[in-house]
Each structure stands twice: as structure tokens, then as C-alpha cells.
1. In a Debye calculation with equal point scatterers on the alpha-carbon sites of region 205-393 and no solvent, what is log10 I(q)/I(0) at q = 0.17 Å⁻¹?
2. Could you tally the net charge around Leu118, taking each other residue with its Cβ under 14 Å from the Cβ of Leu118, Lys/Arg +1 and Asp/Glu -1?
3. Along the Cα-to-Cβ line of Ser219, 7 Å from the Cα, sits a label point; which residues in region 256-284 have backbone N less than 13 Å from it?
4. If you rank Trp176, Trp139, Trp98 by fewest surrounding Cβ atoms within 10 Å, what's the result?
5. Taking the Cβ-Cβ separation of Thr310 and Ala281 as r and a Förster radius of 45 Å, what is the calculated FRET efficiency to the nearest 0.05?
6. Excluding Gly375 itself, calculate the net charge of residues whose Cβ lies under 12 Å from the Cβ of Gly375, where each Lys or Arg counts +1 and each Asp or Glu counts -1.
7. Please report Arg175, Arg132 as a ranked list, fewest other C-beta atoms within 10 angstrom at the top and most at the bottom.
8. Bins of 5 Å, beginning at zero and ending with the bin holding the largest distance: percent of Cα pairs per bin for region 266-335, please.
Amino acid sequence: MTGALLTVLAVAGAALLLGLGWAGGRRHARRGGRAGGPDLGTPVERATFHTLHTASLAAPPLRAGLTEDAARKAARRLRSLLGTEALCLTDRRSVLAWDGPGADHHERRAMARVAVMLDSGRSMSVRTECTRPDCPLKWAVFAPLTGEDGVLGALVAYGSRESAVLVRAATEVARWVSVQLELSELDRSRTRLMEAEIKALRAQISPHFIFNSLAAIASFVRTDPERARDLLLEFADFTRYSFRRHGEFTTLAEELRSIEQYLALAGARFGDRLKVTLQVAPEVLPVALPFLCLQPLVENAVKHGLEDSTEECLITIAARDAGAEALITIEDNGVGMDPAVLRRILAGEGGGSSSGIGLTNVDERIRQVYGDAYGPVIETGVGAGMKISLRIPKYRAGVHSSWPGQQPPRY
């Protein structure tokens, strides 16, 4: 982000150079449009504000990548930023957007020059060699747009005459656009990573669990048809939620509802051996958090409390209000774990076990979204059960549920 800020400041400086053409020479500009009017600042201050404001309006489309739609939305803003007669944005093959006159007879020439610039990767300033007397586009600056894969395309600024200031300004604006394109690549990489991590969690919902759930439901078909029907509906809702294809985040209410469904299916299999206590403060139910970040922890508690033990399993799930955060704890009285083994699991040396995948995945995703200060705190020991605590900020930029209209269930 420091590089982006420096580039924006460089853009502002270039625009100020352009603005000095009409602001220079006035050491003490009169403030305000009229006597007693609002203080609008000096011409240079207004030029600075205009530059940064225009850049902020051009940024959102570019964060979608170098596409035709993004280029079309950004071209007008960038042309205003530079104050040129025309401006176009290209990829490596064609003109994506053109703002201003001359597109009908300059596009083909522009792409021929872009091909030359792609080989060198450097900005260049050339005469357009346009012979039309009414065309104002006499000079063009070609500046490369770059990304992780090298030169992606070009920003081409057209002027009525050769100008060293325009060359520098167009080059700086192209660098700023390149920063936005790199950020868009990072956004896409982050999305792909989140999707891969969610797929890993879904893989943890093993065919073994599905088979056991359906077998437990089948056992009630004759003896208790009503319970079999209810369990089948719980199973359908649980799988629908776990395998949904949209949204990186959900609400605590939705995640807890899915956990209730999971525990209902586990209870059908293990009967009275499974005891669950839910303690949830209503005010934290709307809190947004990463999708499937609690269910794997509960599944881990069931696994180590029931499947690895013959004793009764007690699981306590609590969510309480802690000011600006929601404090969530999941505790079981199972077989626990050697802390040294836990450290190896969280370091990625868990041997590929389902519990290792779940703990590591949740730990990485929580830290990725909220920072290292919000990683899960795990208390455990051999034969001492396990307690996992999570602090989830109630509000975090970019974190919001993809199901905004749903009402949280009552507990």
C-alpha cells in the first residue's frame, strides 16, 4: 500500500505541474469565489483535491482487472486526470476503451505502436502523423500497463503538441493504473485461495460421516418415522449449507444453525453418549465470520470425544458479547492432545488427518482475514479434553455475510 500511496502522490504532483499552467505566477490567490464565500483554497490546492478525487473514482473499476468494461469506466476519469484531448486503454491485442475524438482513424495506428512498446516495455512519445487538418491529436504518449505477468497493455494519452510534462504525467498515471491491476490480481488470488481452503474443509465432510448419518436415519424409518423425517430434513439442510457455492462469509447464526444440524445427526448415531450445551448471546448472532470456520472445530470435538473414547462426551459451545468482539469457545471432555503434537499440526505437519486439516485450515483462514492477533487459542493436554477460543471482530472492512436478508434463528 505504500507503493500505491507514493504513486498517487506522484500522479498528484504530475497533475499539479499541469495545473500550474493556469495557477502559476499567483503567489497569493484570493480565497473563496466571492467576499464572504466558502474557503475553496488556492488554485493549486483545488487542483490537488481534483486530482486525488478523480483518481479515487477511477480506482474501483480497475480493481476488476484489465477488462473492456473496466477500461471503459476508467478511461473518462483518466482522461480528466491528465487533461488530454483523447485517451485510450489497450490490452496486448486490441483497444479496450477510447475516450475523446479520433477513434475512427487512430485506433489501428495505436495498436501498431503498442506492439512496438510491448517489445521494449518502456514508455515512448511519438508524432501521430495524422494528416487530417481538423484532428487535434498530433502527439501521443504510450505508457505500459504492467502486472505479475509483465506488460498487460498500454495507456495512450493524446495531445495537440509535444509536452515533456504530459510524458511524465502519463507515465505516472500508467504506474498508478498498474498498481490497481496488481491489486486486482491479488484479490483474485485471495479469492482462489479462499475457495481452495473451503474445498479442503468440504473434503473433510467425509463419505464416512455421510454414510453413518444415512444409516442412522434409516434405523428410525420403521421404529420412529417422524424422527427419521426430521433427521432427513436436517441432513438436507446441513449438506446444502456446507456445499453452497457462493460467499466467503456467513453469520454466526447461520454457522451455529449448521452446527446444530450436524450435532442432531451425530446424536442420532451416538444417542445419549453425546451431551451438548449451547450458550449464545442474541446480540452476537448477526456477526459475520468466515464460512465453515466453526463447524470443523465442533466436528473435531465430536471425533475426539466419542469416536476415540467410550466415555460420555460433553461439548459446550458458547458465544458471548465482548464489546467490539464476539468471544466464541468450543470445549469438550474428550481424549485431548499432546501440546507438542498440536504445534506440529498447526505448523502443517499433521500428517493429513481430518482433524489436522480442520484445525490448520481454520487457523490460517482466521489469521488471513483478521490478522495474527486473532488466531484461535487452544488449551489441551492428554486426557484433559480441548478448549478452543476465538475472538471475532464485530465489524471488519470487507467482511460481511452474503445472505444479508435472512433472519437469525432463535436460541
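1. With no solvent term, the Cα-only Debye profile gives -1.20.
2. Here the count lands on +1.
3. 265-274
4. The most exposed by this proxy come first: Trp139, Trp98, Trp176.
5. 0.85
6. That sum, taken over residues with Cβ under 12 Å, equals 0.
7. With the sparsest Cβ surroundings first, the list reads Arg132, Arg175.
8. P(r) for region 266-335, in whole percents per bin: 3, 16, 25, 22, 14, 12, 7, 2, 0.
Values quoted throughout were computed directly from the atomic coordinates according to the rules given, and no laboratory measurement underlies them. This is a predicted model, so every value here is computed, not measured. Note that we place each Cβ from the backbone using ideal geometry, even for glycine, and neighbour counts take in every protein chain shown.
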